[in-house]
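Asks: The structure under discussion is supplied below as structure tokens; questions concerning it will follow.
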Amino acid sequence: MSDTRELYLDLMKRVLINTIYRDAAIQEFDYGDGEEVDPRLVGRDWPSVAHTMIGLKRLDNLQECVETALREGVPGDLIETGVWRGGASIFMRAVVRAHGDTDRTVWVADSFQGMPEVADDGYQADRDMELHRYNDVLAVSLDTVRHNFERYGLLDDHVRFVPGWFADTLPGLPVERLAVLRLDGDLYESTAVALESLYPKLSPGGFAIVDDYSIPACAQAVHDYRDRHGITDPLTDIDGTASFWRKS
């Protein structure tokens, strides 16, 4: 059974990042580190077709975090804040299903409208990025993400969608405990709101994953929150872009 499960999850990752048919990239990103790697393995492109842009290494990390939480009985659900086409959330549901867990819910939180236009009094680094200019790529509708779950046979009662801006939806989210918290909001404000609203619900032994840690605004939000709450659990790099820590 374990061999079959590993084959299934390995294939899921390859399909989600689409190294099977290898769709063209809308845009590739050069981090200036001189590292020559396949961008699809480390999440350094915007795929035209693939259901996630986070790359294989981050999917491997996500699998390890979810499986550790399942194996060790860390209580709580799983959530991703900022899901794009839904690939990472789909993968979390696949891991939970593959391990036969019937209790946990995967929460899929996104505006489903793309990135917000930052207000004049918003965080300056968020304003400078002007990510809303890329909403022709970044905005993916709720119906599209729901359909993507259906394509993998993973849309069921244990998937809950949370549409809307994080400041409106996350503070009152009706979830008691979390085992995995995956943040992918890019902006300072999005990251800060997600941490303030959800990190207190993360169980000891649970995992906080920050997809956009390489973005200075996002990293600043993480450090501000950790400093404010005296969090000293070590941050671990995943692939030069994302980082994570385990709650002690």
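The values are calculated or read from the model by the stated rules, or taken from the named source; none is laboratory data. As the structure is a computational prediction, the values presented were derived from the model and not from experiment. Cβ placement follows ideal geometry from the backbone for every residue including glycine, while neighbour counts extend to all protein chains displayed. Heads up: the accessible areas ignore ligands, DNA and RNA and are worked out on the full protein's heavy atoms, side chains in. Shrake-Rupley method; radii C 1.70, N 1.55, O 1.52, S 1.80 Å.
Asks: Counting DSSP beta bridges with both partners in the chain, what percentage is antiparallel, nearest 5?
Replies: Antiparallel bridges: around 30 percent, rounded to the nearest 5.
Asks: Here's a follow-up. Using a 1.4 Å probe over the heavy atoms of the protein chains, calculate the carbon and sulfur portion of the accessible area of the chain as a whole percent.
Replies: 48
Asks: Let me ask you something else. Once you order the gyration tensor axes a ≥ b ≥ c over the Cα atoms, which shape class does the chain get: rounded for a/c under 1.5, otherwise prolate or oblate by comparing a/b with b/c?
Replies: Rounded is the answer for the chain, as its axis ratio a/c remains below 1.5.
Asks: Taking the Cα centre of region 115-248 as origin, work out the dipole magnitude from +1 charges on Lys and Arg Cβ and -1 charges on Asp and Glu Cβ, in debye rounded to 20.
Replies: 620
Asks: Dipole of the chain, Cα-centred, from +1 at each Lys and Arg C-beta and -1 at each Asp and Glu C-beta, to the nearest 20 debye?
Replies: Charge dipole of the chain: 840 debye, to the nearest 20.
Asks: Of L170, G206, N148, whose Cα points farthest to the positive end of the dipole of region 143-241 (charges on the beta-carbon: +1 Lys, Arg; -1 Asp, Glu; origin at the Cα centre)?
Replies: Projecting each Cα onto the dipole axis, the largest value belongs to G206.
Asks: Could you go through region 164-175 in sequence order and give the Karplus-derived ³J(HN,Hα) for each residue, using 6.51 cos²θ - 1.76 cosθ + 1.60 with θ = phi - 60°, rounded to whole Hz, and x for Gly and Pro?
Replies: x, 5, 4, 4, 8, 9, 6, x, x, 4, x, 10
Asks: For region 148-248, calculate the relative contact order in percent as a whole number, restricting contacts to Cα pairs under 8 Å that are 6 or more residues apart.
Replies: 25
Asks: Please state the shape class of region 1-123: rounded when a/c is under 1.5, otherwise prolate if a/b exceeds b/c and oblate if not, all from the C-alpha gyration tensor.
Replies: oblate
Asks: I'd like the distance separating the alpha-carbon centroids of region 103-175 and region 214-248, in whole Å.
Replies: Comparing the Cα centres of region 103-175 and region 214-248, I get a distance of 21 Å.
Asks: Ranked highest first by average number of other Cβ atoms within 10 Å, how do 49-59, 94-104, 155-165, 173-183 line up?
Replies: In decreasing order of mean packing, 49-59, 94-104, 155-165, 173-183 become 49-59, 173-183, 94-104, 155-165.
Asks: Amide H neighbours of G206 under 5 Å, counting only residues 5+ apart in sequence or on other chains, H built in-plane at 1.01 Å?
Replies: Amide H to amide H, under 5 Å and 5 or more residues apart or across chains, G206 pairs with K247.
Asks: In addition: Kindly identify region 121-172 as rounded, prolate or oblate by the Cα gyration tensor criterion: order the square roots of the eigenvalues as a ≥ b ≥ c, call it rounded if a/c is under 1.5, otherwise compare a/b with b/c, prolate if a/b is larger, else oblate.
Replies: Oblate, because a/c is 1.5 or more while a/b does not exceed b/c.
Asks: Additional query: Which whole-number value in Å² is the accessible area per residue of the chain, probe 1.4 Å?
Replies: Spelled out: the 1.4 Å probe surface of the chain, per residue, equals 46 Å².
Asks: Considering only DSSP beta bridges whose two residues both sit in region 154-248, what percent are antiparallel, to the nearest 5?
Replies: Counting DSSP beta bridges with both partners in region 154-248, the antiparallel share is about 55 percent.
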